[in-house]
Every structure is written in C-alpha cells, then in structure tokens.
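Participant: Sending over a structure as structure tokens; questions will come in a sec.
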Amino acid sequence: MPDLIDRARRFARPYRIDRGNKFRMRDIDPGDCGELSAEDKPRAQEALAMGIEAIAGLQDRLYAQDRWSLLLIFQAIDAAGKDSAIKHVMSGINPQGVEVCSFKAPSEEDLDHDYLWRCMKKLPERGRIGIFNRSYYEEVVVVRVHRALLGRQKVPEELLRTRTLWKDRCRDIRHVESYLARNGTVIRKFFLHVSRKEQDKRFRERLEKPQKNWKFSAADLKERQHWKEYHEAYEDMIRWTATPEAPWYVVPADHKWFTRVVVAAAIVDALAGLNLRYPSLSKAQQREIARARTALGMAERRDRARGR
C-alpha cells in the first residue's frame, strides 16, 4: 500500500492546482496522457483497478473511524465524461458510505435561499464520501455566462451592481471551503478538461449510435456556442478558488481511461493523507469479544455433538 500511495501522489501531482493566481487553462493539454501513451492503456486499466481497490479499503477505515468526511466536486463542460469518471472510479465503494448528488436547475424552494443552501444540505456526514456532480460552482460559471439567470435568484438588485460580483462569490466559496476543511471535511475538486474537437466527436457519437441517443440534448449544442465564455469563467473559477486545503485537479479529459486514473490517484492521495485506522477497542470491549468467542465456540461444539 505505501508504494501504491506514493505512485498515486506522483501521478496526480502535475494536475493539482493549489494556488491559482498563475493558472492558465491553455497550459494544460486536454489530450495529455502524462508519461503514458495509447499502448499503455491496458497498464493504466490495471492501475485503475488497483486504485479502486485502495479507495475501497481506505473508505472502510474512513467509515469505521467516523472522524473525517470527503467531498469530491466534479465540474466540466458538456460531454467531458463526469458521469463515467464517477461511475468507474467509485465502482468498488460500499454504497452505504457514499452519496452522489447531481445538481440540476434550482427549484423554487432553492431560489428562496442563498445559492449555497441546496449544496450545504447535501454535505457528507463524518465517515462518508459525498460526490457533487456539478455544484455551487455553477453559480460562477453558468450564471456568469447566462447572467439573466441572476434575475431569478431574488437577490436584492443593489447587491448585484458591482463589477466584482464573480470574484466576490468565489471569495465567499473559499471561505466556506476553509470552514469545512477546519471541521474535518476534506475537499478535492476536479475540472475535466476536454478539447472542443473531442467534445464534437462525442456529440456525434450521441447522434449516430442508438445506444447513446438518450444522452443527446439540443441544449448542449446551444451551450457550445458559448465555448469561449465558459472557458474564461472556468479559468477564473479555478484561479480564484484553488487553495492548498481545497485544491483543484485540472484533469485532461480527451482520453477517458487516463482521466479515470488521475481522478482515482488523487482520491487515494487524499484519503491516505488522513492517517485512517480502525478504532481501538477498550478493555471492556475486548472482554466482551472474548466472551462472545467463547460462547460461539461452545455452541459450535454442541452442534457437532448433536450431529448438526
């Protein structure tokens, strides 16, 4: 396990953004595969399987220790592979210890509260893993690109008349994440960085392959017209909210097999850094277990004597 953890840390490190002041989206190639190539795909799949097994073991200790919680946030442009990354990387986890929340358009009840409210209700309990498939970060991306959405949020008009609205929201988010980190919620955020060419290829697959038709949405094509605005908003989002306690991983997403390995490696690294262990038993608990073993042994011997 120590060797696996060390490899996971080295593998995920190039894509981790701790401080975003110098971050530029163009510095990360969506088609990057690190030191791997297409020929290494089978080896990468083996590494993913090992990562999934490690996450399962670490999650078991996280649940048993009941001190920390882990919040994983996934953001991306359409067709970047968020759903499949979550599905594959978390496939070995005990479902009792994890909850996936997919945030769509806010409801009327949501709009009667601040924009963080609906996500705060879904934060993971101690000992559990929470996954946000999209999150409060939509408020500094989608709402920024489509500013008309602000009008539905019922925020007093005078509070919106500022040139620093998005930077102010990101500052608030930083403060909330800092608060959560100081109270035992480990936060890791993933932006799946797909190229426009690869997005176009995946959209075409949704149109041409019957088994993928259900994924197609005309709205996705409309959003594609705002590619530049979305990239600017995502770049600022990462630049203004990447911190050592709640880092972003900007993960190349043109090759899904590589994306999944990076995400798994980052999760292994996060959990391994918590010194997770099974709770120590008190002397009274140890005596109770010894009595239970004795009782079970006696019952077993009786059953054998009776020919059961």
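Residues checked against (1) in contact (Cβ under 8 Å) with a residue 40 or more places away in the chain; (2) assigned to a helix (DSSP H, G or I); (3) open to solvent by 50 Å² or more (accessible area, probe 1.4 Å):
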position	(1), (2), (3)
Tyr234	yes, yes, no
Arg239	yes, yes, yes
Ile267	yes, yes, no
Leu276	yes, no, no
Ser280	no, no, yes
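Participant: Right, next: Quick one: in region 155-196, of everything that is assigned to a loop (DSSP other than H, G, I, E, B) and open to solvent by less than 30 Å² (accessible area, probe 1.4 Å), which residue is farthest from Val143 (Cα to Cα)?
Facilitator: Gly184
Participant: Same structure again: Could you check Ile5 against (1) among the hydrophobic types (A, V, I, L, M, F, W, C); (2) buried (at least 20 other Cβ atoms within 10 Å of the Cβ); (3) in contact with a helix residue (DSSP H, G or I) (Cβ under 7 Å, 6 or more places away or on another chain) and say which number it fails?
Facilitator: The single condition Ile5 does not satisfy is (2).
Participant: Test Arg260 against the criterion of being charged (D, E, K, R), in contact (Cβ under 8 Å) with a residue 12 or more places away in the chain, surrounded by 22 or more Cβ atoms within 10 Å (Cβ to Cβ) and outside any loop (DSSP other than H, G, I, E, B), and give yes or no.
Facilitator: In short, yes.
Participant: A further question follows. Have a look at Gly92, Gly127 and point out the one that is surrounded by 15 or more Cβ atoms within 10 Å (Cβ to Cβ) and either part of a helix (DSSP H, G or I) or touching a strand residue (DSSP E or B) at 6+ places or on another chain (Cβ under 8 Å) (or both).
Facilitator: Gly127
Participant: Can you name the residue in region 14-36 that is part of a helix (DSSP H, G or I) and either aromatic (Phe, Trp, Tyr) or within 18 Å of Lys256 (Cα to Cα) (or both) and is also most open to solvent (accessible area, probe 1.4 Å) among such residues?
Facilitator: So, considering only residues that are part of a helix (DSSP H, G or I) and either aromatic (Phe, Trp, Tyr) or within 18 Å of Lys256 (Cα to Cα) (or both), the one most open to solvent (accessible area, probe 1.4 Å) is Pro14.
Participant: If I go through region 95-121 residue by residue, how many of them are surrounded by fewer than 12 Cβ atoms within 10 Å (Cβ to Cβ) and either in contact with a Cys (Cβ under 8 Å, 6 or more places away or on another chain) or among the acidic types (Asp, Glu) (or both)?
Facilitator: Residues flagged as surrounded by fewer than 12 Cβ atoms within 10 Å (Cβ to Cβ) and either in contact with a Cys (Cβ under 8 Å, 6 or more places away or on another chain) or among the acidic types (Asp, Glu) (or both) within region 95-121 amount to 3.
Participant: If we keep just the residues of region 202-213 that are open to solvent by 60 Å² or more (accessible area, probe 1.4 Å) and in a helix (DSSP H, G or I), which is nearest to Asp32 (Cα to Cα)?
Facilitator: Among those that are open to solvent by 60 Å² or more (accessible area, probe 1.4 Å) and in a helix (DSSP H, G or I), it is Arg204.
Participant: Of the conditions (1) without any contact (Cβ under 8 Å) to a residue 60 or more places away in the chain; (2) open to solvent by less than 50 Å² (accessible area, probe 1.4 Å); (3) β-branched (Val, Ile, Thr), Val250 satisfies every one except a single condition; which number is it?
Facilitator: Result: Val250 fails condition (1) only.
Participant: With the condition kept exactly as written, say whether any residue in region 37-54 is among the charged types (D, E, K, R), open to solvent by 30 Å² or more (accessible area, probe 1.4 Å) and either in contact with a Gly (Cβ under 7 Å, 6 or more places away or on another chain) or at pLDDT 95 or above (or both).
Facilitator: yes
Participant: Scan region 20-57 for residues that are small (Gly, Ala, Ser) and over 20 Å from Ile267 (Cβ atoms) and jot them down.
Facilitator: Those that are small (Gly, Ala, Ser) and over 20 Å from Ile267 (Cβ atoms): Gly20, Gly31, Ser37, Ala38.
Participant: Restricting attention to region 214-230, report how many residues are modelled with pLDDT of 95 or more and either within 19 Å of Ile187 (Cβ to Cβ) or crowded, with 16+ Cβ neighbours inside 10 Å (or both).
Facilitator: 1
Participant: Test each condition in (1) in a helix (DSSP H, G or I); (2) of a type in the set (S, T, N, Q); (3) exposed (fewer than 12 other Cβ atoms within 10 Å of the Cβ) for Gln199 and report the one that comes out false.
Facilitator: With (1) in a helix (DSSP H, G or I); (2) of a type in the set (S, T, N, Q); (3) exposed (fewer than 12 other Cβ atoms within 10 Å of the Cβ) applied to Gln199, the lone miss is (3).
Participant: When Lys87 is evaluated against the numbered criteria (1) touching a residue at least 12 places away in the same chain (Cβ under 8 Å); (2) in a helix (DSSP H, G or I), which criterion, by number, is the only one it fails?
Facilitator: Unmet condition: (1).
Participant: If we scan region 68-75, do we find a residue that is in a loop (DSSP other than H, G, I, E, B) and open to solvent by 40 Å² or more (accessible area, probe 1.4 Å)?
Facilitator: Yes, there is a match, as at least one residue in region 68-75 is in a loop (DSSP other than H, G, I, E, B) and open to solvent by 40 Å² or more (accessible area, probe 1.4 Å).
The values are calculated or read from the model by the stated rules, or taken from the named source; none is laboratory data. Since we're looking at a predicted model, the values are computed, not measured. Quick reminder, even Gly has a Cβ in these numbers, built from the backbone with ideal geometry, and neighbours come from all protein chains shown. The accessibility values were calculated without ligands, DNA or RNA, using every heavy atom of the protein model including side chains. Shrake-Rupley method; radii C 1.70, N 1.55, O 1.52, S 1.80 Å.
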